[in-house]
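All remarks here apply to the structure that follows.
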Amino acid sequence: MNALELHGVTRRYGATQVLRGVDLHVAHGERHALIGPNGAGKSTLFDLISGRARPDDGRIAANGIDITGKPPQRVSRTLARSFQTTSVFGGLSVLDNLRCAALGAASSRLIDRWRPSRKVDARAHAMLDAIGLAERAGELAARLTYAEQRALDLGIALATDAPLILLDEPTAGMNRAEATRALALIRATTEGRTLLVIEHDMDAVFSLADRISVLVRGRVIATGTPAAIRANRDVREAYLGGVAT
Ligand SMILES: Nc1ncnc2c1ncn2[C@@H]1O[C@H](COP(=O)(O)OP(=O)(O)OP(=O)(O)O)[C@@H](O)[C@H]1O
Ligand SMILES: [Mg+2]
């Protein structure tokens, strides 16, 4: 059984057929990257998996359980998702943003834990250190720099204990040092979990991913190891052609 399986997933917006029958299998414990040109439908696919939008056709299963069309609150224990555009709570402090995420993770087990708040706090503080924002803990999230907000956004997704993590361009807008730190954090915090990550930075993709799927014009045209994808002629023509590899 795979952590995530998509069969024949389609989605249209107006006159645009955005996804044209996507098949995608992500194994348990795998770090899987989804790459493809702008407008290929990558974020739309995340919308469908996380329940923000419904597929017109096709099936989506997580851990063998059908989640097709299930709303976000029904799948939030199974998967956590970060957005391409930052989505932190601007009116809450940095630490409280992380507490909310950690609380979501803990709430299913509040009843059988004696000190849930201590656990939540410990989890939030650990993530605060991990994303390098300890000195900004009390600051309103809205007052962070863009890169800091991206780091917080990542922390929110990773502070849950969802077994499946979806990250949409986690290093976009970061400088090299910030991106390197974010990648190390992603690697460490997804250990033992399953990761599906959309990423344009090919260095990041090739260093992070066990396997890569390539989405072009609403279809997965190839799936394979980084070496296989790098060598794939269709992929090179469709996507990697202009990118130094
Ligand atoms: N809610 C929506 N309403 C209308 N059109 C949409 C919606 N969401 C996505 N689309 C369209 O679907 C297509 C694919 O967009 P999507 O954001 O999924 O691409 P992407 O692969 O994530 O691109 P990028 O790499 O630029 O982020 C685009 O043409 C976009 O305009
Ligand atoms: Mg996108």
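The values are calculated or read from the model by the stated rules, or taken from the named source; none is laboratory data. Since we're looking at a predicted model, the values are computed, not measured. Don't worry about glycine lacking a Cβ; one is built from the backbone with ideal geometry, like all the others, and counts go over all protein chains shown. Calculation scope for accessible area: heavy atoms of the full protein, side chains included, ligands and nucleic acids excluded. Shrake-Rupley method; radii C 1.70, N 1.55, O 1.52, S 1.80 Å.
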- prompt: Does the stretch 39-51 contain at least one residue that is of a type in the set (Lys, Arg) and modelled with pLDDT under 95?
  reply: no
- prompt: Do we find that Val94 is open to solvent by less than 20 Å² (accessible area, probe 1.4 Å), within 30 Å of Gly138 (Cα to Cα) and modelled with pLDDT of 95 or more in this structure?
  reply: yes
- prompt: For the stretch 57-64, does any single residue satisfy the condition of being in contact with a helix residue (DSSP H, G or I) (Cβ under 9 Å, 6 or more places away or on another chain) and on the phi > 0 side of the Ramachandran plot?
  reply: yes
- prompt: Looking at the stretch 192-208, which of the residues that are away from ligand 2 (no atom under 16 Å from the Cβ) and either of a type in the set (D, E, K, R) or open to solvent by less than 10 Å² (accessible area, probe 1.4 Å) (or both) is farthest from Ala3 (Cα to Cα)?
  reply: Asp203
task: Please specify each residue of the stretch 175-191 satisfying the condition of being surrounded by 16 or more Cβ atoms within 10 Å (Cβ to Cβ) and either within 16 Å of the chain's Cα centre (by Cα) or basic (Lys, Arg) (or both).
output: Ala179, Arg181, Ala182, Leu183, Leu185, Ile186, Thr189, Thr190
message: Need the failing condition index for Arg54 against (1) modelled with pLDDT of 95 or more; (2) closer than 21 Å to Ala222 by Cα, just the number.
response: (2)
- request: Using the structure shown, decide if Ile67 is surrounded by 15 or more Cβ atoms within 10 Å (Cβ to Cβ), within 16 Å of ligand 2 (Cβ to nearest atom) and at negative phi.
  value: no
message: Quick check on my filter: what residues within the stretch 30-61 are open to solvent by 30 Å² or more (accessible area, probe 1.4 Å), touching a strand residue (DSSP E or B) at 6+ places or on another chain (Cβ under 6 Å) and within 13 Å of ligand 2 (Cβ to nearest atom)?
response: Ser43
